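K.L.:
Here's a structure for you.
The values are calculated or read from the model by the stated rules, or taken from the named source; none is laboratory data. Please read all numbers here as calculations on a predicted model, not as lab measurements. Reconstructed Cβ throughout: ideal geometry from the backbone, glycine too, with neighbour counts over all protein chains shown. Side chains included, ligands, DNA and RNA excluded: accessible areas come from the protein's heavy atoms. Shrake-Rupley method; radii C 1.70, N 1.55, O 1.52, S 1.80 Å.
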Amino acid sequence: FMVTLLALSAAFAWAQGETAISLEVPYGASSVWTAERLLNARPMPLPRADRGRMEPRSEEDLLASAREGSFSSPPGRPSAGITPMVDNFLFDPRRAGQGARSGSRGFGSRSGLRPSNRGLAELDFTSSRLIPEEARYFYPYSTVAKIFFHKPGGGDYVCSGVVISRRIVGTAGHCVYDPDSGFFEDWLIVPAYSQGNAPFGVWEPSYVVVSGSWANGDGVPNDGDFAVFAMWDNQGWGALGNVVGWLGYATNSLINNELTLLGYPANLDRGQRMHQVATGDFDCCLGGCPIYGSDMGGGSSGGPWVQNFGEAAKGQKKGKNKKINRVVGFASFGPNDARWMFQGASPLTSEFKAVFNKGCAEYPGNCSRKGKPKKP
């Protein structure tokens, strides 16, 4: 009943010109998630779009518009002295992946095409699990999370997300809200997840905000398929960003960039390990959303697309795009034919800034203006 009221009020708010709608979330989601439910949660299907609808817009026009009104927030580092709990398993790791088989169809699952570095879209990319897997314990990989949630009347699902400020997690709008039925529920955020292991514990949101464009939309492509969670602190750990660090974000930077795509795709390692794709090959545009080469499928929804990902080496010179570890988009959709091998994302615009700021304003200290956690 409450979700129905919120959905109706959200529609009214959007009609009045609001750029975001939100939901307060009571604490206690972790108590409803049994090991069996976590194991059997299905990947949220990656919405599909038709590449035949590519818009005849020139790259020059898109780059010109992208340079106008850009905004970014700096990344933050985790506080010193945080030790990951390497033996903290949410379920028996020997059964990991069994629950992802149902509904885990992704790239190559029906076409017989084996994932490689290029599909029919002819967009180049490289694709790999983390090597070594223990890299997830360290920044910036530690900021990437697997998200468990329940869709009323639809079952348990998983998406991907990323920490983007002290108490803020970003993901796709379709991982939190259905325009026809309203908000989902019982979200559980697990940073650096792998095969049932939660090295930094589990975290719950206190507040969720989704863009008005997604709430009032009719599927993908949609230039507002993004959302943020404001997070409860975890007893004994404090604020999430102080534990794992956070990535910054940059608006209007999705076009013509070199990106690292991160997430938990069910078609690769059954969604039980963090996966990464490196790509700079793009095409434009589906509903204002560029597509990049990728072989990640369902479950990777909401995963971050990051420019200048990683740690600079001594002596490494910065290029023209100097902003490191900035999220420029969240995985939103894939092709309606798996053989094309691409993913699309919504450009982060002023609407995303409004969504982000609404999550920041929920509680003092959710976000840091300087973008860095307090030094120990």
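K.L.:
What is the percent carbon and sulfur in the accessible area of the range 222-325, measuring with a 1.4 Å probe over the protein chains and ignoring ligands? The partial results should precede the final answer.
P.N.:
Numbers: 1530 of 3440 Å².
The nonpolar share, carbon plus sulfur, comes to 44 percent.
K.L.:
Still on this model: At Asp87 and Ala361, where each label point lies 7 Å from the Cα along Cα→Cβ, what is the point-to-point distance in nanometres?
P.N.:
So the label points at Asp87 and Ala361 sit 4.7 nm apart.
K.L.:
For the range 144-199, place one equal point scatterer on every Cα, skip the solvent, and apply the Debye formula. What is log10 of I(q)/I(0) at q = 0.28, 0.30, 0.31 Å⁻¹?
P.N.:
Each listed q corresponds, in turn, to -1.16, -1.25, -1.28.
K.L.:
Can you tell me, using C-alpha contacts under 8 Å and at least 6 residues apart, the relative contact order of the range 162-267 as a whole percent? Walk me through the intermediate numbers first.
P.N.:
Values: 161 pairs, mean separation 35.9, N = 106.
34 percent.
K.L.:
A further question follows. Taking amide hydrogens as modeled 1.01 Å from N in the peptide plane, which residues meet the under 5 Å criterion relative to Gly263, leaving out close sequence neighbours?
P.N.:
Hits under the 5 Å cutoff: His275.
K.L.:
Less than 11 Å Cβ to Cβ from Gly155, Lys/Arg counted +1 and Asp/Glu -1: what total charge do the surrounding residues give? Each step should come with its number before you reach the end.
P.N.:
Values: positive: Arg37, Arg42, Lys151; negative: Asp156.
So the environment of Gly155 carries a net charge of +2.
K.L.:
Along Cα→Cβ, 7 Å out, is where each label goes; now give me the distance between the ones at Ala135 and Ala313 in nm to one decimal.
P.N.:
In this crude spin-label approximation the distance works out to 1.4 nm.
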